[in-house]
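S.K.: First the structure, then my questions, so here it is.
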Amino acid sequence: MSQTSTNVQDCIRACQECVAACERCLYEMGPNASDNDCPRCCRECIDLCNLCIAALSRDSRFAEEICRLCGEACRWCAEQCGEHDHDHCRECMTACQQCADECLAMSK
């Protein structure tokens, strides 16, 4: 992967912010039922963002592919959370969109 350290740090930061937003969304949703894939998408994003952070931190040879997958998951989660009017879902949607943009830029 031929990215600058600034790009890597920006992606890691976006992943960290996405994890925090997804964790908050999960907490706020609690045991409430959802009419779509939220909160399932939040769990996926948390796992993939943490994997992406680890891969980027150690300059993994698979970082580009992991970033692509993480970006796709974050886009999906942004769509799901965007269907709800709750503040925590809107914040999660924004964090997921930003993370998707950073991760997909890293995978090019």
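Condition check ((1) within 16 Å of the chain's Cα centre (by Cα); (2) surrounded by fewer than 18 Cβ atoms within 10 Å (Cβ to Cβ); (3) of a type in the set (A, V, I, L, M, F, W, C); (4) modelled with pLDDT of 95 or more) across all residues:
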{"residue": "Val8", "(1), (2), (3), (4)": "yes, no, yes, yes"}
{"residue": "Cys22", "(1), (2), (3), (4)": "yes, no, yes, yes"}
{"residue": "Asp35", "(1), (2), (3), (4)": "no, yes, no, no"}
{"residue": "Cys38", "(1), (2), (3), (4)": "yes, no, yes, no"}
{"residue": "Leu48", "(1), (2), (3), (4)": "yes, no, yes, yes"}
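S.K.: Restricting to the range 24-33, and then to whatever is of a type outside the set (Lys, Arg) and touching a helix residue (DSSP H, G or I) at 6+ places or on another chain (Cβ under 9 Å), can you tell me which residue is surrounded by the most Cβ atoms within 10 Å (Cβ to Cβ)?
M.R.: Going residue by residue through the range 24-33, those that are of a type outside the set (Lys, Arg) are 25-33.
The next check asks that each one be touching a helix residue (DSSP H, G or I) at 6+ places or on another chain (Cβ under 9 Å); those that pass are 25-29.
On the way: Cys25: 29, Leu26: 18, Tyr27: 11, Glu28: 15, Met29: 19.
Selected residue: Cys25.
S.K.: Would you mind finding the one in Arg75, Arg13 that is surrounded by 15 or more Cβ atoms within 10 Å (Cβ to Cβ), among the basic types (Lys, Arg) and in a helix (DSSP H, G or I)? Lay out the reasoning, then the answer.
M.R.: Numbers: Arg13 fails: surrounded by 15 or more Cβ atoms within 10 Å (Cβ to Cβ).
Among Arg75, Arg13, only Arg75 is surrounded by 15 or more Cβ atoms within 10 Å (Cβ to Cβ), among the basic types (Lys, Arg) and in a helix (DSSP H, G or I).
S.K.: Looking at the range 27-36, can you tell me whether even one residue there is hydrophobic (A, V, I, L, M, F, W, C) and part of a helix (DSSP H, G or I)?
M.R.: If we filter the range 27-36 for residues that are hydrophobic (A, V, I, L, M, F, W, C), which is where we start, we get 29, 33.
Keeping just the survivors that are part of a helix (DSSP H, G or I) gives 29.
Scanning the range 27-36 turns up at least one residue that is hydrophobic (A, V, I, L, M, F, W, C) and part of a helix (DSSP H, G or I).
The values are calculated or read from the model by the stated rules, or taken from the named source; none is laboratory data. Predicted, not measured: the structure shown is a model, and the values here were computed from it. All Cβ positions, even for glycine, are placed from backbone atoms using ideal geometry, and neighbour counts span all protein chains on display.
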